[in-house]
1. Within region 44-85, how many residues are out of contact with any helix residue (DSSP H, G or I) (no Cβ under 7 Å at 6 or more places or on another chain) and farther than 30 Å from residue 208 by Cβ?
2. When you go through (1) over 30 Å from residue 305 (Cβ atoms); (2) crowded, with 18+ Cβ neighbours inside 10 Å; (3) in contact with a strand residue (DSSP E or B) (Cβ under 9 Å, 6 or more places away or on another chain) one by one for residue 154, which number turns out not to apply?
3. Regarding residue 373, is this residue under 18 Å from the mean Cα position of the chain (by Cα) and more than 25 Å from residue 238 (Cβ to Cβ)?
4. Tell me whether region 264-271 contains one or more residues that are in a helix (DSSP H, G or I), within 17 Å of residue 224 (Cβ to Cβ), at pLDDT 95 or above and within 15 Å of the ligand (Cβ to nearest atom).
5. Could you please tell me which pairs satisfy a Cβ distance under 6 Å, a separation of 6+ or placement on different chains, a first residue in region 309-332 that is more than 29 Å from residue 225 (Cβ to Cβ) and without any contact (Cβ under 8 Å) to a residue 60 or more places away in the chain, and a second residue that is part of a helix (DSSP H, G or I) and away from the ligand (no atom under 11 Å from the Cβ)?
6. Could you pull out the residue among 64, 90 that is in contact (Cβ under 8 Å) with a residue 24 or more places away in the chain and over 19 Å from residue 437 (Cβ atoms)?
7. Could you check region 24-52 and list, in sequence order, the residues that are within 12 Å of the ligand (Cβ to nearest atom) and either outside any helix (DSSP H, G or I) or surrounded by fewer than 21 Cβ atoms within 10 Å (Cβ to Cβ) (or both)?
8. Tell me whether region 338-346 contains one or more residues that are crowded, with 23+ Cβ neighbours inside 10 Å, within 16 Å of the ligand (Cβ to nearest atom), under 23 Å from the mean Cα position of the chain (by Cα) and at pLDDT 90 or above.
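The values are calculated or read from the model by the stated rules, or taken from the named source; none is laboratory data. This structure is a prediction, so every number in the text was calculated from the model and none was measured. Here the Cβ positions follow ideal geometry from the backbone for every residue, glycine too, while neighbour counts run over all protein chains shown.
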Ligand code: PHE
């Protein structure tokens, strides 16, 4: 069977950074930064992204392109007919479950974004009661909009690597950049916004030695670069031999951290602009409203108070969120779908609708038991499973894959790899430093 392949370097970068850039960047990062020492968190995050997440990303890309397979098959193949091979396939299967679970909660949040995107459109056309239904949390609304968003995800993935993932990433990622730029500029001109800029960029180093902060920055970096669950691995397996892996990895990391930085320039000044208007931005305990209330109350209130432009700003903002979520959710769904297609020879359309449907059912269960399940699923998948699986991929690249095979793989697209700084550092790095650092942070976090 013919495997899909990305047609160019640009296409791969759009798809991989599309996976990386998501709600984690535009929502998670700015609020984390605002709550945790502003510029200090920013600095810590950049360091961790390059020192810890980038090497782990490279491990996934190298394994993926070398084995040309999904994570289950890839790790199984590398381990061979031994216990290590079985362990690898087992870890791959676990990763597949984690990717699916991430999509099950991500789909709900993305569904909210989609509802809030339709709301200003309804307002513009005068359908005010529809708009207020769309922005009121009810089980019915959540069931419908999670389904709508999941269906979009399914349609892209069913179309395959070139006609689905690549085509849509190439369209959506540049649109996302433009929307973001326009919004940042617009928000900066709102009264009060510059105050937020100061809070965002001024480092408060007293916070940076806090171990909890380091862990939250590490979790943020792993989630944001879509690591551990086999998404980058499967995207890497669709990359051509001609591409230079280390430099592509740097580009993807740069785009991801860059967009997170920009999102901070948008969200934090917006909060201060809202405060300037006298809107409520602090909760009862005096802390800044973060979580869902920030996105679905503070910001919409700000847009409402912006005069006649507000509804268009709201439209642009939630369009940005929906696009960011979609280019990430497709990469999550690709993980189990690629496995079903490659291992059981299932036809891609069927595999996609089957998996998408199954994951939607999990979302439904979460929606009906939101209070107990939502937070638990988020923390099980992103705080525990992703870093642990990150260790597994580093160990497979560093210890299980032969050093020579690693070098040969990197030499494709980088003939002088042997003499590069990358080759001098990275192989030791994924063997020792990455697994140990992740483990350390992990132990710290469960203590
Ligand atoms: N990186 C995505 C974000 O920042 C989330 C993601 C996690 C995507 C895991 C794929 C796999 O929102």
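1. Going through region 44-85, the residues out of contact with any helix residue (DSSP H, G or I) (no Cβ under 7 Å at 6 or more places or on another chain) turn out to be 47, 51, 80-83.
Checking which are farther than 30 Å from residue 208 by Cβ leaves us with 80-83.
Residues meeting the conditions: 4.
2. Of everything listed in (1) over 30 Å from residue 305 (Cβ atoms); (2) crowded, with 18+ Cβ neighbours inside 10 Å; (3) in contact with a strand residue (DSSP E or B) (Cβ under 9 Å, 6 or more places away or on another chain), residue 154 misses just condition (3).
3. Numbers: under 18 Å from the mean Cα position of the chain (by Cα): no; more than 25 Å from residue 238 (Cβ to Cβ): yes.
Here the answer is no, as residue 373 does not meet what is asked.
4. No, region 264-271 contains no residue that is in a helix (DSSP H, G or I), within 17 Å of residue 224 (Cβ to Cβ), at pLDDT 95 or above and within 15 Å of the ligand (Cβ to nearest atom).
5. 310/303; 310/304
6. Working: 90 fails: in contact (Cβ under 8 Å) with a residue 24 or more places away in the chain.
It is 64.
7. 28
8. Checked against the condition, which is being crowded, with 23+ Cβ neighbours inside 10 Å, within 16 Å of the ligand (Cβ to nearest atom), under 23 Å from the mean Cα position of the chain (by Cα) and at pLDDT 90 or above, region 338-346 yields at least one hit.
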